[in-house]
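The structure appears right after this line, and notes come after that.
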Amino acid sequence: MREPPRDSLLNLLLPLALIFGLVLILSLNVGEGRGDALTSPLEMWLKVIVGYLAAGTEIAAAVVIGTAVIRGIATYGRILFARSKQHFDATEAIRLQLGRVLALGLEFTVASDILRTAVAPTRQDILNLGAIVLLRTLLNYFLEREIQQGEQRRLPEPELDRSIR
């Protein structure tokens with residue numbers, strides 16, 4: 001089944017627009033606007049609390065991704081030593097599952113970056129956050145696209161089996 005021309009054009013233009021936006025943001029160099037600004041005690045406490053929340057979010061991302069990698073390796077080891085004929089299909093399933101978890105991990109890291117920029121950001125902080133979010137969005141876009149293509153490759157076989165019955 002072919003994609004309509006509009007969808008294929010969108011699939012080409014979206015990544016190019018994200019890359020262009022990333023290059024544009026990274027080329028901007030804004031000086032720090034808050035060099036001499038005094039911070040209130042409340043702002044200092046908020047920065048400490050948000051720093052811990054951001055660190056917790058990064059740890060959560062590492063745990064989620066690390067657990068998925070270990071689980072994927074264990075599953076692959078079982079398949080490798082089982083000498084099954086479904087080796088390719090099983091490795092594709094492992095790859096798709098790992099891709100889904102990586103997408104979730106990217107979302108956690110974006111949340112961490114947003115938290116770090118939440119309290120009294122400078123223009124440079126916002127531009128850096130924009131560049132990071134654009135880069136991770138680009139990675140996530142390609143990862144999601146790869147997952148969808150992998151799932152589409154796997155779906156026709158069971159549907160074919162149902163139509164034979």
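Looking across the stretch 9-60, the residues that are assigned to a loop (DSSP other than H, G, I, E, B) and at pLDDT 70 or above come down to L28, T39, S40. As for the stretch 129-144, it holds no residue that is over 22 Å from L28 (Cβ atoms) and at pLDDT 85 or above. Could you say whether any residue in the stretch 52-75 is touching a Leu at 6+ places or on another chain (Cβ under 9 Å), of a type outside the set (F, W, Y), farther than 30 Å from N11 by Cα and touching a residue at least 60 places away in the same chain (Cβ under 8 Å)? Yes, the stretch 52-75 contains a residue that is touching a Leu at 6+ places or on another chain (Cβ under 9 Å), of a type outside the set (F, W, Y), farther than 30 Å from N11 by Cα and touching a residue at least 60 places away in the same chain (Cβ under 8 Å). All of (1) at pLDDT below 80; (2) surrounded by 14 or more Cβ atoms within 10 Å (Cβ to Cβ); (3) farther than 19 Å from P121 by Cα hold for R6 with one exception: (2).
Close contacts from the stretch 81-106, counting a first residue that is farther than 14 Å from I147 by Cα and a second that is assigned to a helix (DSSP H, G or I) and modelled with pLDDT of 85 or more, with Cβ to Cβ under 6 Å and a gap of 6+ residues or different chains, come to G105/A61; G105/V64; G105/I65.
The values are calculated or read from the model by the stated rules, or taken from the named source; none is laboratory data. Here the structure is a predicted model, which is why all the values come from computation and not from measurement. Here Cβ is always computed from backbone atoms with ideal geometry, including for glycine, and neighbour counts include all displayed protein chains.
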